[in-house]
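Asks: Have a look at this one.
The values are calculated or read from the model by the stated rules, or taken from the named source; none is laboratory data. Just so you know, these numbers come straight off a predicted model, no measurement behind them. Note that we place each Cβ from the backbone using ideal geometry, even for glycine, and neighbour counts take in every protein chain shown. Accessible surface is based on the protein model in full, side chains and every heavy atom, while ligands, DNA and RNA are left aside. Shrake-Rupley method; radii C 1.70, N 1.55, O 1.52, S 1.80 Å.
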Amino acid sequence: KTFQTNDKVNDSTLFMIASTSKPVTALALMKLYDQGKLGLDEDINAYLPFEVRNPNFPDGKITFRMLLSHVSSIRDHWPTLEIDYTIDDGGDSPVSLEDFLRSYLVPGGKYYKAETNFYASKPGSEYHYSNVGYDLIGYLVQRISGKPFNKYMAEEIFSPLRMNNTYWFLSEIPHDNIATPHNMPYKETDYKGTQILTHYGYPGYPSGQLRTTAKDYAQFLKLMVNQGQVEGTQFLSKETVEEFLRVQFPEVARWQAISWSYNEFENFIYNMIMPRRPSHTGLNPGMNSVVSFDPSEKTGVLIISNSPTTTLWNQKIIYLDMVRKLFKEAEKAD
């Protein structure tokens, strides 16, 4: 599926959705919470084979709720994280999720640096968006469920939700109907034509490597707007969905629910004319995405693309306008 060959996209075409994967990863943990297998305010170290502490606050516990709400104090150090992207050669990363997390979060690990991998703030005291925090959520799901994270998702999440064309790894995909990532120039002076990237991966896959379709992701949105029901089946309790959508640390992160943000677009003009809705965006090399939904109206918008706009600011403006128009069209249809 490339621009040069004019391959057509259909409703079965897979797109990597980048950080819009995070709410799906959160769903896996919330399913285990719904089953009584963990408490959101428990110390995550009770479930790990290695200890994770912010070295600046060695006595401060990191909880599931903190990870889910981006207040864990775990920091993304991108010069390190980008090392294991397989963009040059393509394919899934050969580095396992556990090995990556050990190397990044545990003293003595290959990539461990206290000053770059953790913030100088106590867990729970400040909001800092964290990809590594969500990778750790995926690994915790693996530990608690007793299954590899991707297998647990396939069997316990995707199958019952009828997300039958959704995958974490390229090696799992039984077809080649996958949108190829395309990079665009960041400045007109840099223009050298559209760059086609390989289908790539990285070890911290729970935070952004999901490949899915608009049709499949809509099944997840149905769950969120129908109080935990999908196709007439109560997959999550109503109370757990309400917790999912509730702002968790209002004094620290005013608009941050579990994974979903009520200020994802960070645009005061948009927020003046449109209601605040749980939303998420995603950006990876050659890919971007946005999802926003209204639980009260039971409507939602999902936009996925295999090429970013020229700048992050342009992306936000374009997507804001698209989201606004799509919600208006949905209102007219009702």
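Asks: Taking the options THR80, THR63, name whichever one is more than 23 Å from SER125 (Cβ to Cβ) and of a type in the set (Ser, Thr, Tyr). So that I can check it myself, show each step before the final result.
Replies: Details: THR63 fails: more than 23 Å from SER125 (Cβ to Cβ).
The conditions single out THR80.
Asks: Given (1) touching a Phe, Trp or Tyr at 6+ places or on another chain (Cβ under 9 Å); (2) loosely packed, with under 14 Cβ neighbours inside 10 Å; (3) in a helix (DSSP H, G or I); (4) not basic (Lys, Arg), identify the lone condition not met by ALA46.
Replies: Of the numbered conditions (1) touching a Phe, Trp or Tyr at 6+ places or on another chain (Cβ under 9 Å); (2) loosely packed, with under 14 Cβ neighbours inside 10 Å; (3) in a helix (DSSP H, G or I); (4) not basic (Lys, Arg), the odd one out for ALA46 is (1).
Asks: Hey, another quick one. Is it the case, given these coordinates, that LYS37 is open to solvent by 50 Å² or more (accessible area, probe 1.4 Å), in contact with a strand residue (DSSP E or B) (Cβ under 9 Å, 6 or more places away or on another chain) and not in a helix (DSSP H, G or I)? Steps first, answer last, please.
Replies: Details: open to solvent by 50 Å² or more (accessible area, probe 1.4 Å): yes; in contact with a strand residue (DSSP E or B) (Cβ under 9 Å, 6 or more places away or on another chain): no; not in a helix (DSSP H, G or I): yes.
No: the conditions fail for LYS37.
Asks: When THR299 is evaluated against the numbered criteria (1) within 19 Å of LEU67 (Cβ to Cβ); (2) out of contact with any Leu (no Cβ under 6 Å at 6 or more places or on another chain); (3) surrounded by 17 or more Cβ atoms within 10 Å (Cβ to Cβ), which criterion, by number, is the only one it fails?
Replies: Of (1) within 19 Å of LEU67 (Cβ to Cβ); (2) out of contact with any Leu (no Cβ under 6 Å at 6 or more places or on another chain); (3) surrounded by 17 or more Cβ atoms within 10 Å (Cβ to Cβ), only one is false for THR299: (1).
Asks: Given the options SER12, SER19, name the one that is closer than 23 Å to TYR167 by Cα, in contact with a Phe, Trp or Tyr (Cβ under 9 Å, 6 or more places away or on another chain) and hydroxyl-bearing (Ser, Thr, Tyr).
Replies: Working: SER12 fails: in contact with a Phe, Trp or Tyr (Cβ under 9 Å, 6 or more places away or on another chain).
Just one listed residue meets the conditions, SER19.
Asks: For the condition closer than 17 Å to ASP41 by Cα and crowded, with 17+ Cβ neighbours inside 10 Å, what is the one hit in ARG102, ARG65, ARG75? Before the answer, list the steps.
Replies: Working: ARG102 fails: closer than 17 Å to ASP41 by Cα; ARG75 fails: closer than 17 Å to ASP41 by Cα.
None of the others qualify; the one that does is ARG65.
Asks: Using beta carbons and a limit of 6 Å, which pairs, at least six apart or on different chains, have the first residue in the stretch 131-152 and farther than 15 Å from VAL52 by Cα and the second one among the charged types (D, E, K, R)?
Replies: Pairs that qualify, where the first residue is farther than 15 Å from VAL52 by Cα and the partner is among the charged types (D, E, K, R), are ASN131/ASP76; ILE144/LYS37.
For (1) touching a residue at least 24 places away in the same chain (Cβ under 8 Å); (2) in a helix (DSSP H, G or I); (3) open to solvent by 60 Å² or more (accessible area, probe 1.4 Å), each residue gets a yes or a no:
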| site | (1), (2), (3) |
| --- | --- |
| LYS22 | yes, yes, no |
| PRO58 | no, no, yes |
| HIS70 | yes, no, no |
| LEU81 | yes, yes, no |
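Asks: While we're looking at this one, here's another question. Restricting the search to the stretch 199-237, which residues are more than 16 Å from GLU156 (Cβ to Cβ) and without any contact (Cβ under 8 Å) to a residue 12 or more places away in the chain?
Replies: Selection gives LYS222, GLN229, GLY232.
Asks: If I filter the stretch 92-130 down to residues being free of Cβ contacts under 8 Å to residues at least 12 places away in the same chain and part of a loop (DSSP other than H, G, I, E, B), which single residue comes out as farthest from GLY60 (Cα to Cα)? Before you say what the answer is, go through the steps one by one.
Replies: Taking the stretch 92-130 first, the residues free of Cβ contacts under 8 Å to residues at least 12 places away in the same chain are 94, 103, 108-110, 112, 115.
Okay, now just the ones that are also part of a loop (DSSP other than H, G, I, E, B), so 94, 108-110, 112.
On the way: PRO94: 33, GLY108: 20, GLY109: 21, LYS110: 24, TYR112: 19 Å.
Among residues in the stretch 92-130 that are free of Cβ contacts under 8 Å to residues at least 12 places away in the same chain and part of a loop (DSSP other than H, G, I, E, B), the one farthest from GLY60 (Cα to Cα) is PRO94.
Asks: For the stretch 131-178, enumerate the residues that are in a helix (DSSP H, G or I), among the acidic types (Asp, Glu) and open to solvent by 50 Å² or more (accessible area, probe 1.4 Å). Walk me through how you get there before you give the answer.
Replies: Narrowing the stretch 131-178 to residues in a helix (DSSP H, G or I): 131-145, 149-158, 170-172.
Subsequent filtering for residues that are among the acidic types (Asp, Glu) retains 135, 155-156, 172.
Scanning the stretch 131-178 gives GLU155, GLU156, GLU172.
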